[in-house]
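> First the structure, which I've put down as structure tokens, then a few questions once you've had a look.
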Amino acid sequence: MPTTLSTISWRKLILTLLMFAVSILFLLPFVWMLVTSFKVEKDVFVYPIQWIPKEWNAITNYKEVWDGDYPFWKYYLNSIKVGVTTTVISAMVSALAAYGFSKIHFKGSNYLFLIVLATYMVPSQAILIPQFILYRQIGLFDSHLGLILLGSFSVLGTFMLRQFFMGVHQEFIESAKMDGANHFRIFWTIGLPLVKPAVATYAILRFIWTWNDYQNPLIFIRSDKLFTIPLAMQKFTSLSGEFYSLIMAAAVSAILPLLIVFIIGQKSVIEGIALGGVKG
Amino acid sequence: METPTQTAVKGGLMKKRRKAWSLSTGENLAGWLFVSPMLIGVCVLVLIPIIATIVLSFADWNFVQGWDGINWVGIGNFKKLLHDDQFIRSVRNNFLFLFTVPIYMLISMVLAVIIDRHVYLKSYFKVAYFMPYISSIVAVAVVWQVLFQPSYGPINEVLKALGFSHPPMWIADPNYALISIMMIVVWTSIGFNMIIYIAGLQAIPKDLYEAADIDGADGWTKFRRITFPLLSPTSFFLLVTGVISTFKVFDIIAVMTQGGPIGSTSLMVWYLYDTAFVNLKVGYASSIAAVLFLFVLLITFGQWLAQKRWVNY
């Protein structure tokens, strides 16, 4: 259409091309990683860089990563187990607390909320030592359960979902109460369905954070068989030494599930981050 | 004449008033039940540990000594910290690291302004710039480690081809290691900051720009007079969270440099980890943790004071 080809859209087109060039900077390391994971080892550092492998070795590389001497599928199962459980528990605990802090008017709720919010300021590393001592004492050290519990009590989740519950009209709650429903029924049948999109956003974020978490497994997990992907990735790297094509295949494998989760939930992830950020 | 329902409602109300006391007890009980899982978790895993950290920071204690080995030394640990070169170096590195924050904020703001209004394929750009943020930091660090490889890594190959005969050794060189890490942190942080800036931009009323157009303002004036000041709450938020996050940088150091070469990339949290979990000096490490907590507390408090003064709402 001739009208859309005004000077403005030319400017827009040029800026789009420019931004595209800049975005290459952000994607290039990932592209290099992906391409390298398909190569035979001797081609990895050939210069000029072969952006399309001359000799394809993809199947051998990925087979070695997934089913070789240090099989990734085991650690995948660990990561999925820890990730899914942490996400479910954390979403539940946060939603309950968020409902309690926004829809039930009970004595001291404001003070309690302030205390919970204040703990958000505590950097996770400032409490590692007592947590470690506690875990050694009560036998949660070197267990998935311990890891799951560490990720399950998120102040951020409570805060984020509370914002959404405050948007639910109090009349819904009151009229349900008139009908004789108690808070658990109201929460389950009215509250939760109304904030479902927010819970989904939080769940995706929590899954990504748990999957990528390196610090907690590093400190609270010791047995190799309990490793999650980030620790397995590091161990694989040190075991593989100079086999960079294999290391890159492992890196692609570590990032891929998150990429899928992110692309599926892209809109809600970005909105959730923007919302949590601007309001939080 | 009253209808039966009206009577019922009236009766109900009266009953309700009589039941008011028990009702509020019910509300209290329900409230506590709803928030208790969160509350117990936060108490056991955050509140008690932070108090324990502060208490332990006054002790000289090693993990392997057992409970009987605790030796209370008052502020001895903190005195020692003041003369600990490695600690001072880590704090200095932490302050150098602060430079990443304005750099990635500026880049993110420019990118956000362009992407929000002046390009096609907006969602492509959001995803592309966001990729580093969602990727596992271990995988990202491993990839950069190889890219930065001094003798045959791709980055130095390109630099050599461009005519630099002696490109830097990057993370292998004490003079460049911290800057290399800072560059990667800038690279990973831009996506998050940009997304927040885009959200901030969308909250600016469009009619302000229309009014400026009528007055004949050019793009730069509009940016200086409308966009920049109205983004100040967003910038402020990003500045504070950014500054706090530099005090928490750990993963990338642990994977890429382990604080080396010769302590050049040791940050406070790395030194804390090294002292507590490698050298097992629990009391001394707790005093580092207390200092870390103090820094974060001061920044948060400073934010609270500054917010009303500087931010245009």
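The values are calculated or read from the model by the stated rules, or taken from the named source; none is laboratory data. Fair warning: this is a prediction, and the values are worked out from it, not measured in the lab. Backbone-built Cβ (ideal geometry, glycine too); neighbour counts: all protein chains shown.
> Need pairs with beta-carbon distance below 6 Å; first residue at pLDDT 90 or above and in a helix (DSSP H, G or I) and within segment B:234-261, second β-branched (Val, Ile, Thr) and surrounded by fewer than 20 Cβ atoms within 10 Å (Cβ to Cβ); sequence gap 6+ or separate chains.
Qualifying pairs under 6 Å: B:Val243/B:Ile299.
> Given (1) on the phi > 0 side of the Ramachandran plot; (2) touching a residue at least 60 places away in the same chain (Cβ under 8 Å), where does A:Thr210 come up short, assuming only one miss?
Evaluating A:Thr210 over (1) on the phi > 0 side of the Ramachandran plot; (2) touching a residue at least 60 places away in the same chain (Cβ under 8 Å) leaves (1) as the failure.
> Related question: Working carefully through the options A:Leu112, A:Leu128, A:Leu96, find the one that is assigned by TED's automatic domain parsing to the domain that holds A:Met166, without any contact (Cβ under 8 Å) to a residue 40 or more places away in the chain and in contact with a helix residue (DSSP H, G or I) (Cβ under 7 Å, 6 or more places away or on another chain). Talk me through it step by step, then tell me what you get.
Details: A:Leu128 fails: without any contact (Cβ under 8 Å) to a residue 40 or more places away in the chain; A:Leu96 fails: without any contact (Cβ under 8 Å) to a residue 40 or more places away in the chain.
None of the others qualify; the one that does is A:Leu112.
> Residue check, B:Gly163 against (1) over 30 Å from B:Gln307 (Cβ atoms); (2) within 14 Å of chain A (Cβ to nearest Cβ); (3) surrounded by fewer than 21 Cβ atoms within 10 Å (Cβ to Cβ), all met but one. Which one?
(2)
> In segment B:100-124, which residues are under 18 Å from B:Leu238 (Cβ atoms), touching a Ser or Thr at 6+ places or on another chain (Cβ under 9 Å) and not aliphatic (A, V, I, L, M)?
B:Thr100, B:Tyr104, B:Ser108
> While we're here: Name the single residue that is nearest to the other protein chains (Cβ to nearest Cβ) among those in segment B:268-298 being surrounded by fewer than 18 Cβ atoms within 10 Å (Cβ to Cβ) and either basic (Lys, Arg) or in a loop (DSSP other than H, G, I, E, B) (or both).
B:Leu280
> Could we say that B:Gly41 is at pLDDT below 85, in a helix (DSSP H, G or I) and at the interface with another protein chain (Cβ under 10 Å from one of its Cβ atoms) here? Break it down into steps so the answer makes sense when it comes.
Details: at pLDDT below 85: no; in a helix (DSSP H, G or I): yes; at the interface with another protein chain (Cβ under 10 Å from one of its Cβ atoms): yes.
No, not satisfied.
> Could you list, in sequence order, the residues of segment A:142-157 that are in contact (Cβ under 8 Å) with a residue 24 or more places away in the chain, more than 12 Å from every other protein chain (Cβ to nearest Cβ) and surrounded by fewer than 18 Cβ atoms within 10 Å (Cβ to Cβ)?
A:Asp142, A:Ser143
> A further question on this structure: Which residue is surrounded by the most Cβ atoms within 10 Å (Cβ to Cβ), if the candidates are limited to segment B:105-147 and must be small (Gly, Ala, Ser) and assigned to a loop (DSSP other than H, G, I, E, B)? Can you show your working first?
Residues of segment B:105-147 small (Gly, Ala, Ser): B:108, B:112, B:123, B:128, B:135-136, B:139, B:141.
Keeping just the survivors that are assigned to a loop (DSSP other than H, G, I, E, B) gives B:135-136.
Details: B:Ser135: 25, B:Ser136: 23.
Here the answer is B:Ser135.
> If you don't mind, there's one more thing I want to ask. Got a number for residues in segment A:99-109 being buried (at least 16 other Cβ atoms within 10 Å of the Cβ) and without any contact (Cβ under 8 Å) to a residue 60 or more places away in the chain?
Step one: of segment A:99-109, the residues buried (at least 16 other Cβ atoms within 10 Å of the Cβ) are A:99-104, A:106, A:109.
Retained after the next criterion (residues that are without any contact (Cβ under 8 Å) to a residue 60 or more places away in the chain): A:100, A:106, A:109.
Result for segment A:99-109: 3.
> A further question follows. Would you mind finding the one in A:Ile24, A:Ile52, A:Ile80 that is surrounded by 15 or more Cβ atoms within 10 Å (Cβ to Cβ) and hydrophobic (A, V, I, L, M, F, W, C)? If you could, list the steps in order and put the result at the bottom.
Values: A:Ile24 fails: surrounded by 15 or more Cβ atoms within 10 Å (Cβ to Cβ); A:Ile52 fails: surrounded by 15 or more Cβ atoms within 10 Å (Cβ to Cβ).
Being surrounded by 15 or more Cβ atoms within 10 Å (Cβ to Cβ) and hydrophobic (A, V, I, L, M, F, W, C) holds for just one of A:Ile24, A:Ile52, A:Ile80, which is A:Ile80.
> Of all residues in segment B:50-74 being in contact with a Ser or Thr (Cβ under 9 Å, 6 or more places away or on another chain) and of a type outside the set (Ser, Thr, Tyr), which is surrounded by the fewest Cβ atoms within 10 Å (Cβ to Cβ)? Quick ask: steps written out before the conclusion?
From segment B:50-74, those in contact with a Ser or Thr (Cβ under 9 Å, 6 or more places away or on another chain) are B:50, B:52-59, B:61; that's our starting set.
Then drop every residue that is not of a type outside the set (Ser, Thr, Tyr), which leaves B:50, B:52, B:54-56, B:58-59, B:61.
Working: B:Ile50: 19, B:Ala52: 17, B:Ile54: 17, B:Val55: 14, B:Leu56: 24, B:Phe58: 18, B:Ala59: 19, B:Trp61: 21.
The extreme case among them is B:Val55.
> If you don't mind, there's one more thing I want to ask. Given (1) outside any loop (DSSP other than H, G, I, E, B); (2) surrounded by fewer than 20 Cβ atoms within 10 Å (Cβ to Cβ); (3) more than 10 Å from chain B (Cβ to nearest Cβ), where does A:Arg222 come up short, assuming only one miss?
Single failed check for A:Arg222: (1).
> Run B:Ala212 past the list (1) in contact with a Lys or Arg (Cβ under 8 Å, 6 or more places away or on another chain); (2) of a type in the set (A, V, I, L, M, F, W, C); (3) without any contact (Cβ under 8 Å) to a residue 12 or more places away in the chain and report the number of the one that doesn't hold.
Going through the list (1) in contact with a Lys or Arg (Cβ under 8 Å, 6 or more places away or on another chain); (2) of a type in the set (A, V, I, L, M, F, W, C); (3) without any contact (Cβ under 8 Å) to a residue 12 or more places away in the chain, B:Ala212 breaks only (3).
> The conditions are (1) at pLDDT below 90; (2) closer than 30 Å to A:Trp32 by Cβ; (3) over 17 Å from the mean Cα position of the chain (by Cα), and A:Val195 fails exactly one of them. Which is it?
Here A:Val195 meets the rest and fails (2).
> Separate question: So A:Glu64 ticks every box in (1) of a type outside the set (Val, Ile, Thr); (2) over 29 Å from A:Tyr214 (Cα atoms); (3) surrounded by 15 or more Cβ atoms within 10 Å (Cβ to Cβ); (4) away from every other protein chain (no Cβ under 11 Å) but one. Which box is left unticked?
(2)
> Based on what the data block shows, is B:Thr25 surrounded by 12 or more Cβ atoms within 10 Å (Cβ to Cβ), at pLDDT below 90 and either out of contact with any strand residue (DSSP E or B) (no Cβ under 7 Å at 6 or more places or on another chain) or among the hydrophobic types (A, V, I, L, M, F, W, C) (or both)?
Values: surrounded by 12 or more Cβ atoms within 10 Å (Cβ to Cβ): yes; at pLDDT below 90: yes; either out of contact with any strand residue (DSSP E or B) (no Cβ under 7 Å at 6 or more places or on another chain) or among the hydrophobic types (A, V, I, L, M, F, W, C) (or both): yes.
Against the criterion (surrounded by 12 or more Cβ atoms within 10 Å (Cβ to Cβ), at pLDDT below 90 and either out of contact with any strand residue (DSSP E or B) (no Cβ under 7 Å at 6 or more places or on another chain) or among the hydrophobic types (A, V, I, L, M, F, W, C) (or both)), B:Thr25 qualifies.
> Pick from segment B:79-101 the residues that are surrounded by fewer than 16 Cβ atoms within 10 Å (Cβ to Cβ) and in contact (Cβ under 8 Å) with a residue 24 or more places away in the chain: which of them is nearest to B:Lys281 (Cα to Cα)? Please lay out each step first, then the result.
Going through segment B:79-101, the residues surrounded by fewer than 16 Cβ atoms within 10 Å (Cβ to Cβ) turn out to be B:79-80, B:82-83, B:85-86, B:88, B:92, B:95-96, B:98-99.
When the remaining residues are screened for being in contact (Cβ under 8 Å) with a residue 24 or more places away in the chain, the result is B:80, B:86, B:96, B:98-99.
On the way: B:Lys80: 13, B:Gln86: 15, B:Leu96: 27, B:Leu98: 28, B:Phe99: 31 Å.
Here the answer is B:Lys80.
> May I pose another question? What about B:Val46, is it at the interface with chain A (Cβ under 10 Å from one of its Cβ atoms) and under 20 Å from the mean Cα position of the chain (by Cα)? Walk me through it before giving the result.
On the way: at the interface with chain A (Cβ under 10 Å from one of its Cβ atoms): yes; under 20 Å from the mean Cα position of the chain (by Cα): yes.
So B:Val46 fits the description; yes.
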